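Worksheet for the structure shown next.
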Amino acid sequence: MKQILVVDDEPLILKGLVLMIKQHPHAFEGIRTASNGAEALRMIEESMPQLLFTDIRMPKMDGLELCKQVHDKYPLIQKVIISGYSDFSYAQQGMSFGVKEYLLKPFTPVKIHELLNKLIAQGQHAVLSIAKYEEWVEKIVDAIWSLRIDEVEAYLEELRLYCLSASSSDSEFIQLLQDCLPMLMKRLSGRGFQPKLEELAPTTDIMHYFALLQEHIMKVIDELALQRGGQDLMQKAKVYMDANLTKSLSLEDVAEYLGITPPYLSLLFKKVFKETFVQYRINKRIELAKRMLEMPHYKTNDIAYEIGYENYPHFSRMFKKVTGLSPLEYRHMMGIK
């Protein structure tokens, strides 16, 4: 056990508990303090403790809510509730949040040291669940294979939190994530897709390493999408959009026509054409509007509706955003009054 976080809104109790912990013969790397649950969660996000002491009654976020969130996000952190006798029945609710120990006020150095001895012994047996780790990897592979980007990002975040809770140092955390990438690539290869495996730049910054991992996995998704015939499919999307340009055509409409999911269409479209679905639709509509503005018998108000805009002000704003001129200014430039 290396890191301890103590949370209490009463400075004297906080100071006294920290002092008693420091008197324990075990060499802890760090003992940090917070005055409420919200502050504690931010500190846990920055650096994972192995042990959490928390009072119940605190402003902003009480100890039970803190234990609940820690239990959900960081399941391997050991949790101790600091409770007075009047709060003990309330504190017992913490059992459903993984709280196994209670520190009843008033406490003494002997009580603290006995509890720490017990928790240190328990902590030595806390190990990473390989089955759970592999389960997350398989979920990520399934999401990559189906090009469900939102799910990939969500599962990666869950894996990050689990690795944080299962590692006792930043280097252990990075090693756990390093093990993830070859496992992902091997499973994708088993499905007939062999993406390029880049070696991530070495770093001791855990957030930077996680960002590098995310970036690489997004590149893998791009590669997979293009390998599945993205060029031909996106040309078909363009033809359909051009034919229905004046209608209220959404990303979902085009995806349904092609028989793919909207996120897949959005990803492929930007990858193939270097612009988003929305940008392409706007530019094509403005091109059509320019041709119509060059014909004097068309009224500017009518042109807005003809090219798919619900009202003239919206059309005028979009036209000026793309061309730098209002529709009337464009007509005057063309010598049309």
> Would you pick out the residues in the range 100-116 that are free of Cβ contacts under 8 Å to residues at least 40 places away in the same chain and assigned to a helix (DSSP H, G or I)?
Replying inline: V110, K111, E114, L115
> Only one of these conditions is not met by L19: (1) free of Cβ contacts under 8 Å to residues at least 60 places away in the same chain; (2) under 16 Å from G98 (Cα atoms). Which number is it?
Replying inline: (2)
> What residue, among those in the range 241-284 that are of a type in the set (K, R) and in a helix (DSSP H, G or I), is surrounded by the most Cβ atoms within 10 Å (Cβ to Cβ)?
Replying inline: R281
>> For the range 129-188, give me the residue count where each residue is over 19 Å from the mean Cα position of the chain (by Cα), under 28 Å from G98 (Cβ atoms) and either surrounded by fewer than 18 Cβ atoms within 10 Å (Cβ to Cβ) or among the basic types (K, R) (or both).
In response: 13
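Give the residues of the range 215-240 that are modelled with pLDDT under 80, among the small types (G, A, S) and surrounded by 13 or more Cβ atoms within 10 Å (Cβ to Cβ), sorted by residue number. Let's see the steps before the verdict.
Here is the first cut: in the range 215-240, the residues modelled with pLDDT under 80 are 222-223, 225-232.
Now restrict to residues that are among the small types (G, A, S): 225, 229-230.
Within the range 215-240, A225, G230 qualify.
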> Within the range 1-56, which residues are part of a loop (DSSP other than H, G, I, E, B) and acidic (D, E)?
Replying inline: D8, D9, E10, E29
>> Against the conditions (1) without any contact (Cβ under 8 Å) to a residue 12 or more places away in the chain; (2) among the charged types (D, E, K, R); (3) more than 30 Å from D150 (Cα to Cα), where does E275 fall short? Just the number, please.
In response: (3)
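For (1) surrounded by 22 or more Cβ atoms within 10 Å (Cβ to Cβ); (2) more than 24 Å from A166 (Cβ to Cβ), each residue gets a yes or a no:
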site: D8; (1), (2): yes, yes
site: V18; (1), (2): no, yes
site: A34; (1), (2): yes, no
site: E45; (1), (2): no, no
site: E65; (1), (2): no, no
site: I81; (1), (2): yes, no
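For every residue, the table says whether it meets (1) farther than 30 Å from Q227 by Cβ; (2) free of Cβ contacts under 8 Å to residues at least 24 places away in the same chain.
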position	(1), (2)
D253	no, yes
I260	no, no
K270	no, yes
Q279	no, yes
E287	yes, yes
P296	yes, no
N301	yes, yes
I307	yes, no
G324	yes, yes
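The values are calculated or read from the model by the stated rules, or taken from the named source; none is laboratory data. Remember, predicted model here, so these are calculated numbers, not experimental data. Note that each Cβ is placed from the backbone with ideal geometry, even for glycine, and that neighbours are counted across all protein chains shown.
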